[in-house]
Amino acid sequence: MRVVVISSCRAKNRYILDVVRRTFPEAIILRPWWQGSSSLQQLRVWSKHPLRGAAKILRRVSNDVRDRRHERRAVQLLYGDTADSLDLPPHLAVPARDLRTGRTADILAALAPDVLVLSGAPILPPDLLAIPKHGTVNLHFGVAPQYRGEHTLFHALLHGDYDHVGMTIHRVDAGVDTGPVLAYVRPAMTAADDEVSLGVKCAQLGARVLVEYLHTVEEGAPALGTSQTTKGRLYRLDDRTLWKDIRSWASRSILRRRPPHRVAETTRFFPAASELALRQGSVGSRGNRLT
């Protein structure tokens, strides 16, 4: 089976790739790269709106520092002593803008994927989503539809909404994290956990469930998933502010608000391999809960 993955190859996404490639070694990876605005364009904006420009610089620096710190810790949690020697897997680098506008449709069509997997990828246009024979699957670090979009683990923790800390594996449609759900993954949780460690646990558990689903596709029983029945909320990149980061730190470090204890739980909306053998490839639509 031909599996194509579009991934940023950051630590959590890289771990998912490693698990997929152990089972499907011929999987092809497309890695998007983002091109920012030119310095001249930024200078023109800042010269017209100096206060707004200064605020953007502060936000960007703060975000970069936070993201680099989180990335280093995630790499250490996932790869331990081998983190320093970690290299990117073989991949084809493509401009994220070309993915968003569909300019890479010919490349993806030539790869002829049976399944397209997204893990840290930009939003794709409908013509790209229509290419894979058995559809496109996304691994979203958040429980949709309540938490769709960006930094959704952070927002769930900020709100103390621990029941909605997890991952959604879903088929991709024209919306943002709105497609039919294939599985919900809720990792084990302790008071010592935070955004980074829970994201790592989601990646570890979600990678295993993704491989299970790919096996069902390989066996000829791709599931349609279960529809999301409510709209939920879409969180955008700018919804995470420096003030919210400070609130989150204060809640954890000063007020000592920590996650409760919870065992790992996975709810699947596709048949397991053993069920396939018994049901001869029929597709189930009910949720099967594993603890």
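The values are calculated or read from the model by the stated rules, or taken from the named source; none is laboratory data. Please read these numbers as outputs of a predicted model, since none were measured by experiment. Cβ atoms come from the backbone with ideal geometry, glycine included; neighbour counts cover every protein chain shown. Ligands, DNA and RNA are excluded from the accessible area calculation, which covers all protein heavy atoms including side chains. Shrake-Rupley method; radii C 1.70, N 1.55, O 1.52, S 1.80 Å.
Below, the figures for the structure above:
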{"quantity": "Using θ = phi - 60° and Karplus 6.51 cos²θ - 1.76 cosθ + 1.60, couplings along the stretch 244-251 (whole Hz; Gly, Pro as x)", "calculated": "5, 4, 5, 4, 5, 5, 5, 4"}
{"quantity": "Rounded to the nearest 20 debye, dipole of the stretch 141-196 from Cβ charges on Lys, Arg, Asp, Glu", "calculated": "220 debye"}
{"quantity": "With DNA, RNA and ligands ignored, accessible area of TRP34 (1.4 Å probe; Å², nearest 10)", "calculated": "130 Å²"}
{"quantity": "Volume per residue that the Cα convex hull of the chain spans, once the total is divided by residue count, Å³", "calculated": "146 Å³"}
{"quantity": "Sequence-distant residues sharing a close amide H with ARG240 (under 5 Å, placed H)", "calculated": "none"}
{"quantity": "Over the stretch 72-119, volume per residue of the alpha carbon convex hull, in Å³", "calculated": "123 Å³"}
{"quantity": "Carbon/sulfur fraction of accessible area - the chain, other protein chains in place, 1.4 Å, %", "calculated": "53 percent"}
{"quantity": "For the chain, size of Cβ-based charge dipole, Lys and Arg +1, Asp and Glu -1, in debye", "calculated": "1160 debye"}
{"quantity": "Top positive-direction residue, dipole computed over the chain with Cβ charges, set GLY135, PHE270, ALA55", "calculated": "ALA55"}
{"quantity": "Cα-based shape type of the stretch 47-98, given that a ≥ b ≥ c are square roots of the gyration tensor eigenvalues and the cut on a/c is 1.5", "calculated": "oblate"}
{"quantity": "Number of Lys pairs (Cα under 30 Å; 8 or more positions apart or on different chains) in the chain", "calculated": "12"}
{"quantity": "Gain on full stretching of the segment that runs from ARG262 to ALA110 - 0.36 nm per residue minus C-alpha separation", "calculated": "50.2 nm"}
{"quantity": "Helix-only CD estimate at 222 nm, as mean residue ellipticity for the chain, using -39500 (n - 2.57) per DSSP H run (n ≥ 4)", "calculated": "-13000 deg cm²/dmol"}
{"quantity": "Separation in nanometres of the label points that stand 7 Å from Cα toward Cβ, at ALA174 and VAL211", "calculated": "3.7 nm"}
{"quantity": "Protection-proxy order for peptides 172-185, 63-76, each taking the mean of Cβ atoms within 10 Å per residue, highest first", "calculated": "172-185, 63-76"}
{"quantity": "Amide H partners (placed H, <5 Å) of VAL143, local residues excluded", "calculated": "GLY166"}
